[in-house]
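Enquirer: I have a structure here, written as structure tokens, and I will follow up with some questions on it.
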Amino acid sequence: MTKRSQNTTDRAKRLLHKSVGPLFLLALLGLWALASHFKWLPAFMLPSPGKVVQAFVKDFPLLMRHAGTSLLESLWGLLISVSLAFVLAVLMDGSKLIRRAISPLLVLTQTVPTIAIAPLLVLWLGYGIAPKVVLIVIVCFFPMAIGLLGGFGAVDADLCRLFVSMGASRRQILWRVKLPSAMPSFIAGLKIAVSYAIVGAVVAEWLGGNQGLGVYMTRVQKSYGFDKMFAVIILVSVISLVLIKLVELLEKRCTRWARVREENQN
Amino acid sequence: MAFFAAREIDKRYGGNLIVENISLSVEKGESAALLGVSGIGKTTLFNIFSGLERPDHGQVLLEGNDVTGRTGQVGYMQQKDLLLPYLKIIDNVALPLTLRGIKKKEARMEASGHLEQFGLTGYGDKYPAQLSGGMRQRAALLRTFLFSGRMLLLDEPFSALDAITKTELHGWYLRLLEETRITTIFITHDIDEAIFLSDKIYVLSGRPGRIAGELRVDFPRRRELEFTMSPEFIACKKKILRLIAEKNEA
């Protein structure tokens, strides 16, 4: 093969790799449009993409109000999760005894099916925002706590010795060495947590509440408004994607130094 | 009274004696080498000198004060450069200052005043990953220097470098010693490096590690590169080799 044709195939390959994701999505969307156009499924069960967009536009103000509630719950949940993860990771990193004592409990919280405890939380904490926030915390703190703890553990012991030899306190070592070193793995955990958070809010709202996307979802489901159902599902996905994107921006800001290395090697 | 001294130091790990009866002393402005094969307990000694570990017996004295088991008294540079990858060089070297509570801006000012002397001009804003091994080593040395301008412990400061960079750094290091009159002890397993860079060599050998002998390196023009090929240099090297061999036979 000549060099030029090699280059052209390379470029074509790159283009294909870049666009294959969106193309595939478009294909699925086309399939969906076809399926509803030819009535492979009854129209009320599978509304056409156009119908979904119409439902979205029509219910937009209502959707936004419910989304506001769900977002508020998610943000509170995330905030508390981050704090809890931080406190747990610092305690567990600081003392082997504490680590031994609470790590089984931590794992246990992750084995409890959320759908099963959500109604209990509603019974205990009422129909307000509290049970939702608690549920979100239960799902979200874990990936971040594990990320932080792993990051702390991966810090070079010699680095800590260096700081000790320079007379640094434990707190200085935590803030100057351990936390910055653990940032990448913490952010990996945060990325998982934000997508869990909004889904957690929706699940909690299904099982009791009077505001939020989950409440809207159960209502339209019960009235067979599948076009609205699809609209809200897409909205939930979009919110998750936006949150993940925000975390990625944060990641870029925090790990500028790591990309410097890549530039250097190229 | 010696500037820095260790008296009759013993250290065990899990019942095994690692080093035994180590006594040494360094005068102000002197450069001493601790020479011995790998695994002889040189790094253990430095951990004790720096206060990171306590000896089972013996004392560490700085200017006559007992500093045994006390960290933060002398600058200690470990084998790895241990620069923080997420800090710029200027902030890495200024670390001992900011740890002491000095404001970041002032710490940067003070640190940047030393960049030239340490051959790091123009590298303050780079990240460690952008620097070569020799540069990183200089940065680590500057950080240690900013921690303590009086007494430095350097654990194999040049062993990770290629031969050419090493020779270059040797020359620079000797100039730095002249300029700053800083007191240093450095660990090495390279006999040539020990003779070339120090005023005094302690040879460690045996198991547990003991001081097999002490040598003064005191020749005119010994700071010049030709010295490494002179008869005096060779004689010195022979003496050291004999010391190590004798101990191993005994």
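The values are calculated or read from the model by the stated rules, or taken from the named source; none is laboratory data. The shown structure was predicted, so the numbers you read here are calculated from the model rather than taken from an experiment. Note: ideal-geometry Cβ built from the backbone for every residue, glycine included; neighbour counts use all protein chains shown. Accessible surface areas use protein heavy atoms only, side chains included; no ligands, DNA or RNA. Shrake-Rupley method; radii C 1.70, N 1.55, O 1.52, S 1.80 Å.
Enquirer: With the condition kept exactly as written, say whether any residue in the stretch B:16-26 is at pLDDT below 90, under 23 Å from residue B:137 (Cβ atoms) and acidic (Asp, Glu).
Expert: No: zero hits.
Enquirer: Of the conditions (1) crowded, with 16+ Cβ neighbours inside 10 Å; (2) over 30 Å from residue B:179 (Cβ atoms); (3) more than 12 Å from chain A (Cβ to nearest Cβ), residue B:13 clears all except one; give me its number.
Expert: (1)
Enquirer: Tally up the residues in the stretch B:156-209 that are more than 25 Å from residue B:73 (Cα to Cα), open to solvent by 20 Å² or more (accessible area, probe 1.4 Å) and among the charged types (D, E, K, R), please.
Expert: 6
Enquirer: Pick from A:177, A:133, A:164, A:194: which is buried (at least 20 other Cβ atoms within 10 Å of the Cβ), closer than 30 Å to residue B:94 by Cα and of a type in the set (Val, Ile, Thr)?
Expert: On inspection, the qualifying residue turns out to be A:177.
Enquirer: Can you tell me which of (1) modelled with pLDDT under 90; (2) exposed (fewer than 11 other Cβ atoms within 10 Å of the Cβ) is the one residue A:27 doesn't meet?
Expert: Result: residue A:27 fails condition (1) only.
Enquirer: As an exercise: evaluate residue A:155 against (1) assigned to a helix (DSSP H, G or I); (2) within 14 Å of chain B (Cβ to nearest Cβ) and give the number of the one condition it does not meet.
Expert: Going through (1) assigned to a helix (DSSP H, G or I); (2) within 14 Å of chain B (Cβ to nearest Cβ) one by one, residue A:155 breaks only (1).
Enquirer: I would also like to ask the following. Filter the stretch A:60-74 down to residues that are in contact with an Asp or Glu (Cβ under 8 Å, 6 or more places away or on another chain) and open to solvent by 60 Å² or more (accessible area, probe 1.4 Å), then give me how many there are.
Expert: Adding up the residues that qualify gives 0.
Enquirer: I'm checking my understanding of the structure. Among residues of the stretch A:89-128 that are outside any helix (DSSP H, G or I) and open to solvent by 70 Å² or more (accessible area, probe 1.4 Å), which one is farthest from residue A:197 (Cα to Cα)?
Expert: Going through the stretch A:89-128, the residues outside any helix (DSSP H, G or I) turn out to be A:95, A:112-113, A:126-128.
Filter again for open to solvent by 70 Å² or more (accessible area, probe 1.4 Å), leaving A:113, A:127.
Values: A:113: 15, A:127: 18 Å.
Within the stretch A:89-128, the match that is farthest from residue A:197 (Cα to Cα) is A:127.
Enquirer: Among the residues of the stretch A:33-78, count how many are within 17 Å of residue A:234 (Cα to Cα) and either among the acidic types (Asp, Glu) or touching a Pro at 6+ places or on another chain (Cβ under 6 Å) (or both).
Expert: 2
Enquirer: While we're here: I'd like to check something: does the stretch B:35-44 contain any residue that is open to solvent by 40 Å² or more (accessible area, probe 1.4 Å), away from chain A (no Cβ under 14 Å) and within 18 Å of residue B:183 (Cα to Cα)? First the steps, then the outcome.
Expert: In the first step, residues of the stretch B:35-44 are kept if they are open to solvent by 40 Å² or more (accessible area, probe 1.4 Å); the result is B:37-39, B:43.
Okay, now just the ones that are also away from chain A (no Cβ under 14 Å), so B:37-39.
Retained after the next criterion (residues that are within 18 Å of residue B:183 (Cα to Cα)): none.
No, because not a single residue in the stretch B:35-44 is open to solvent by 40 Å² or more (accessible area, probe 1.4 Å), away from chain A (no Cβ under 14 Å) and within 18 Å of residue B:183 (Cα to Cα).
Enquirer: I've got another one for you. Can you name the condition, by its number, that residue B:8 falls short on among (1) in a strand (DSSP E or B); (2) of a type in the set (Asp, Glu); (3) crowded, with 19+ Cβ neighbours inside 10 Å?
Expert: Condition (3) is where residue B:8 drops out.
Enquirer: Listed residues B:148, B:132; which is at pLDDT below 90, hydroxyl-bearing (Ser, Thr, Tyr), farther than 18 Å from residue A:173 by Cβ and in contact with a strand residue (DSSP E or B) (Cβ under 8 Å, 6 or more places away or on another chain)?
Expert: B:148
Enquirer: For the stretch B:25-34, name all the residues that are open to solvent by 10 Å² or more (accessible area, probe 1.4 Å) and touching a strand residue (DSSP E or B) at 6+ places or on another chain (Cβ under 7 Å).
Expert: Start the filter on the stretch B:25-34 by keeping residues that are open to solvent by 10 Å² or more (accessible area, probe 1.4 Å), which leaves B:25, B:27-30.
Those that are open to solvent by 10 Å² or more (accessible area, probe 1.4 Å) and touching a strand residue (DSSP E or B) at 6+ places or on another chain (Cβ under 7 Å): B:25, B:28, B:29, B:30.
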